[in-house]
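The values are calculated or read from the model by the stated rules, or taken from the named source; none is laboratory data. This is a predicted model, so every value here is computed, not measured. Every residue, glycine among them, receives a Cβ derived from its backbone with ideal geometry; neighbour counts consider all protein chains shown. Areas reflect the complete protein model, heavy atoms only, side chains present, ligands, DNA and RNA absent. Shrake-Rupley method; radii C 1.70, N 1.55, O 1.52, S 1.80 Å.
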Amino acid sequence: MSDLRDLYQEIILDHYRTPRNLRAPAGANRTADGHNPLCGDRVRVRLRVADGVIEDAGFEGAGCAISTASASLMTEAVKGKTVAEAEALFQAFRALVTGDSAGSTDADLGKLEALAGVRDYPIRIKCATLAWHTLESALRSVSGEVAADPGAGSVVSSE
Ligand code: ZN
């Protein structure tokens, strides 16, 4: 575990120990479940979306420090954003953690920058992006329907 120590920056530890939005938002109308079999991380993302705006976001699940901190930081980052802004943020975040700037946007990552270190640990990239892939799946879901996500292997199902 010692080679992972420099990943565990203060922000990551803070969000791992005290996750924000670890709850089901009232009136949630978008839900998806994500699973990262490489690490065993599981996350359920619930959103309340109205008029193209993510009014509230929450998550539940069990995973490693990186996946939990990432889900916590993500829910903070997307709350109040439009769906388009959240998707631009995901593209920028994916570019940050993979080091692949293709498709990147100039969205302001703010505290999400804390996860930049995972790019040096390829096995951890899926931990960091799981919540975001699950968010994307949730945004495409229609409440009460199963919306399979064949494009993202880490997201196994959604409600
Ligand atoms: Zn993990």
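Only protein heavy atoms count here; under a 1.4 Å probe, residue 81 has an accessible surface of about 60 Å². Placing a label point 7 Å from the Cα of residue 105 along the Cα-to-Cβ direction, none of the residues of region 21-51 has a backbone N under 12 Å of that point. Multiplying the residue separation of residue 13 and residue 121 by 0.36 nm and removing their Cα-Cα distance gives an extension gain of 37.2 nm. Less than 5 angstrom separates the built amide H of residue 61 from those of 44, all sequence-distant by 5 or more or on a different chain. The alpha-carbon positions of region 1-103 define a convex hull whose volume is 108 Å³ per residue.
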